[in-house]
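Input: a single structure, listed below in structure tokens.
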Amino acid sequence: MDKLVIQGGKRLQGEITVSGAKNAALPILCAGLLAETPLTLTGVPELRDVASTLKLLDTMGVKVNRDASTVTLEASDVQSFEATYEMVKTMRASILVLGPLLARFGTARVSLPGGCAIGSRPVDLHIKGLQAMGAAIHITHGYIQASTLHLPNRRLQGAKYYMDLVTVTGTENLMMAAALAQGTTVLENAAKEPEVVDLAECLVKMGARIKGAGTDTIIIEGVERLAGATHHIVCDRIEAGTYMVAAAMTGGDVTLKNARADLLEAVIEKLRDAGATVEHAADSITVKSSGRLKAVHIRTAPHPAFPTDMQAQFMALNAVADGVATVIETIFENRFMHVQELQRMGADIEVQGNTAVVKGVAELEGANVMATDLRASAGLVLAGLVGQGETVIDRIYHLDRGYERLDEKLTALGAVVKRTN
Ligand code: UD1
């Protein structure tokens, strides 16, 4: 299993390019199932989760063609309508095939995701939304078995659906399903994340009629068929945010190309509160800091508030900042797995329920630590970058799920990082 070995204490400096967003690429690849002609996507990041999604689509009969960051999908001969437990277990986002399969082919069999490292993460809202559109859904043997064969023309029916909780993949699944439904669907309390907007933009290029993506009410007027199109994946705001924190923590001077400040307002505000300088142009962001940062309070919430996917990184920042800060996690109940590992590096953090109280220490010490999930691992990398001596991060396949060529990008900025196995 690959490990990442980091020699801490280097100031990061230079310029790197941010990749396409994992969380936009995954739903948009699944949207390929909706199109009768080829869908071409550019800016697709080379990540483990992307490879898993392409494999899943391939097992269904989608013709997949990949040339570096360009992917073409042709779903004219789909034979299988199933995502197995093996598949969904390795990547929860596999649930995103449910809406497209059901809407286009009238049948889908998708494993329930079950638990994961950051909490129970149910998919009840995805299921209820599809039921509101008329789908017959049975849960048997751990699988969601869904059908529209009893409906007029075997098509899902437009519906008004209020989501109890803001769910990102839930909104995406239902938006894709509604795109091919008969009639109009109104999704209320929808997720406003930029990745939802990117998916909507791609669907519109494919012929869908969607209004309101990026607000909490999305209106989708169903059409009979969707065609292929060409779409460029939006930049990864979480990858950008992670390097921004790295720059700030190391007293660095880093410019990120292909980064959009308008998608990172809450993160930028917190970095400025911490004492870093953040400047931006249309598609680049520069972060500078000189010396020690101030601790900042964090409370995660759906976009445009502070993203849960940046919580672990700011926990690392606070661990070596001046002062005491609280980090409150409101999205996932068990997303503090990185705390124990940071404590092994000398961090002073106390967790009570969904709140962590972080007292900044003078210095973290390099140690052997374990990656537990994708963003927790990012927090450990940041801690390693400022830790005294060597930090060895085990199980970095978690990082490979969501950070494209992380070791190369950090090396380009002057970090001393090596991948070993
Ligand atoms: C997506 C992102 C993930 C990010 C998260 C929150 C992708 C591929 N992943 O995950 O990186 O951390 O949004 O921004 O885009 N919930 C229910 N029932 C449901 C659905 C969700 O109770 O049917 C709950 C979840 O358990 C969680 C909350 O709603 O507590 C938000 O989850 P959700 O937005 O659905 O997260 P994902 O879409 O899985």
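Remarks
- Of the strands (runs of 3 or more DSSP E) lying entirely inside the stretch 323-421, those containing at least 2 residues that are open to solvent by less than 10 Å² (accessible area, probe 1.4 Å) are 324-328, 355-359, 390-394.
- Test for ARG292: is it in a loop (DSSP other than H, G, I, E, B) and either open to solvent by 20 Å² or more (accessible area, probe 1.4 Å) or among the aromatic types (Phe, Trp, Tyr) (or both): yes
- Applying the condition of being over 20 Å from SER377 (Cα atoms) and within 10 Å of the ligand (Cβ to nearest atom) to the stretch 295-304 and asking which residue is least open to solvent (accessible area, probe 1.4 Å) yields ALA301.
- In the stretch 393-416, the residues that are out of contact with any Gly (no Cβ under 8 Å at 6 or more places or on another chain) and at pLDDT 95 or above: TYR403, GLU404, ARG405, LEU406, ASP407, GLU408, LYS409, LEU410, THR411, ALA415, VAL416
- Test for MET315: is it among the hydrophobic types (A, V, I, L, M, F, W, C) and either away from the ligand (no atom under 16 Å from the Cβ) or surrounded by fewer than 20 Cβ atoms within 10 Å (Cβ to Cβ) (or both): no
- Among all residues of the stretch 51-60, there is none that is touching a Lys or Arg at 6+ places or on another chain (Cβ under 8 Å) and in contact (Cβ under 8 Å) with a residue 40 or more places away in the chain.
- The single residue among GLY222, GLY212, GLY207 that is more than 21 Å from GLU265 (Cα to Cα), of a type in the set (Gly, Ala, Ser) and out of contact with any helix residue (DSSP H, G or I) (no Cβ under 8 Å at 6 or more places or on another chain) turns out to be GLY207.
- Matching option when the condition is closer than 26 Å to ALA68 by Cβ and in contact with a strand residue (DSSP E or B) (Cβ under 7 Å, 6 or more places away or on another chain), among ALA247, ALA259: ALA259
- Once the stretch 209-245 is narrowed to residues that are more than 16 Å from the ligand (Cβ to nearest atom), outside any loop (DSSP other than H, G, I, E, B) and aliphatic (A, V, I, L, M), the residue that is nearest to THR255 (Cα to Cα) is MET244.
- Count - residues of the stretch 172-204 that are of a type outside the set (D, E, K, R) and either near the ligand (Cβ under 8 Å from one of its atoms) or open to solvent by 20 Å² or more (accessible area, probe 1.4 Å) (or both): 8
- Residues of the stretch 235-254 that turn out to be open to solvent by 20 Å² or more (accessible area, probe 1.4 Å) and among the aliphatic types (A, V, I, L, M), as a count: 1
- Every pair of residues 6+ apart whose Cβ atoms lie under 8 Å, when the first sits in the stretch 91-106 and is within 13 Å of the ligand (Cβ to nearest atom) while the second is of a type in the set (Lys, Arg): MET91/ARG401; ARG92/ARG121
- Those helices (runs of 4 or more DSSP H) of the stretch 62-148 in which 1 or more residues are under 17 Å from GLU172 (Cα atoms) and open to solvent by 20 Å² or more (accessible area, probe 1.4 Å) occupy 98-105, 124-132.
The values are calculated or read from the model by the stated rules, or taken from the named source; none is laboratory data. Remember, predicted model here, so these are calculated numbers, not experimental data. Using ideal geometry, Cβ is built from the backbone for each residue, glycine included, and neighbour counts are taken over all protein chains shown. For the accessible areas, the whole protein counts, side chains as well, though only heavy atoms, and no ligand, DNA or RNA atoms are used. Shrake-Rupley method; radii C 1.70, N 1.55, O 1.52, S 1.80 Å.
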